[in-house]
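The structure appears below as structure tokens.
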Amino acid sequence: MTVRDRFWDGIYQEYHDRLLRQVQKYLPARDESQDVLHDLYVQLRKRDVDPRDIENPPAYLMRMATNLAIDTLRRHNRNPLEFSDPADLADMPDTEGRSVTPEQISADRQRLAIVGRAIDDLPPRCRDAFLLCKRDHLSPGETADILGISRNMVEKHLRHALKHCRTVLARHEN
């Protein structure tokens with residue numbers, strides 16, 4: 001085993017639990033998440049990346065894990081957004097004490113589908129930044145580390161994504 005292999009093995013082992021939690025945000029099934037981490041390890045060994053060429057090796061692994069999880073979702077033609085089904089909220093009273101109506105549930109489902117498609121239409125880097133911040137609740141700084149971009153760029157991606165979603169939603173509601 002080379003020095004390079006030992007380095008990556010050590011980083012992989014040290015961050016395994018964190019990598020698993022990251023992948024499970026996209027793929028909650030443990031066996032599927034473990035498969036993604038196995039693929040990550042195989043790719044890492046195949047690529048034979050020199051750690052000296054990587055500014056932040058843990059962030060590099062996190063980005064690889066996230067990309068592989070998203071690729072798995074796409075292969076299975078699933079949406080990475082995990083919205084709650086509005087029907088689950090039907091028995092909950094709204095702020096004025098009324099129950100949610102079937103019409104409201106249907107309208108909410110349509111709005112969620114529109115927003116999901118709007119997010120899917122974003123450029124890949126913009127979509128990744130948006131999902132990491134809004135769905136995974138990472139800070140812009142954490143997202144910047146994972147994506148290997150500046151915090152300002154993450155914030156620019158967020159502004160663009162939110163503007164795009166509002167525009168698409170407004171177009172469908174008018």
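Observations, loosely collected:
- Restricting Ile114, Ile119, Ile146 to those that are in contact with a helix residue (DSSP H, G or I) (Cβ under 9 Å, 6 or more places away or on another chain), in contact (Cβ under 8 Å) with a residue 60 or more places away in the chain, open to solvent by less than 40 Å² (accessible area, probe 1.4 Å) and of a type in the set (A, V, I, L, M) reduces the list to Ile146.
- Just one of (1) under 28 Å from Arg21 (Cβ atoms); (2) surrounded by fewer than 13 Cβ atoms within 10 Å (Cβ to Cβ); (3) at pLDDT 55 or above fails for Thr101. It is (1).
- Pairs are defined by a Cβ separation below 8 Å, a sequence spacing of at least 6 or placement on different chains, a first member in segment 1-23 that is on the phi < 0 side of the Ramachandran plot, and a second member that is among the β-branched types (Val, Ile, Thr) and assigned to a helix (DSSP H, G or I); the pairs so defined are Gln22/Thr66; Val23/Val36; Val23/Thr66.
- In the set (1) modelled with pLDDT under 80; (2) closer than 30 Å to Arg47 by Cα; (3) open to solvent by 60 Å² or more (accessible area, probe 1.4 Å), the condition left unmet by Pro93 is number (2).
- Among (1) of a type outside the set (Gly, Ala, Ser); (2) in a helix (DSSP H, G or I); (3) under 27 Å from Leu27 (Cα atoms) - the single one Thr167 does not satisfy: (3)
- Pairs with Cβ under 6 Å, 6+ apart, first in segment 48-63 and farther than 23 Å from Asp136 by Cα and hydrophobic (A, V, I, L, M, F, W, C), second at pLDDT 85 or above and open to solvent by 30 Å² or more (accessible area, probe 1.4 Å): Ile54/Tyr60
- Of all residues making up segment 113-145, the number that are part of a helix (DSSP H, G or I) and either in contact with a Leu (Cβ under 7 Å, 6 or more places away or on another chain) or of a type outside the set (Asp, Glu) (or both): 23
- Residue count for segment 146-160, restricted to those that are in contact with a Lys or Arg (Cβ under 9 Å, 6 or more places away or on another chain) and in a helix (DSSP H, G or I): 5
- Qualifying residue in segment 119-139 (condition: among the β-branched types (Val, Ile, Thr) and modelled with pLDDT of 85 or more): yes
The values are calculated or read from the model by the stated rules, or taken from the named source; none is laboratory data. On a predicted model such as this, the values are computed, not experimentally measured, just so you know. Glycine also receives a Cβ, built like all others from the backbone with ideal geometry; neighbour counts cover every protein chain displayed. Side chains included, ligands, DNA and RNA excluded: accessible areas come from the protein's heavy atoms. Shrake-Rupley method; radii C 1.70, N 1.55, O 1.52, S 1.80 Å.
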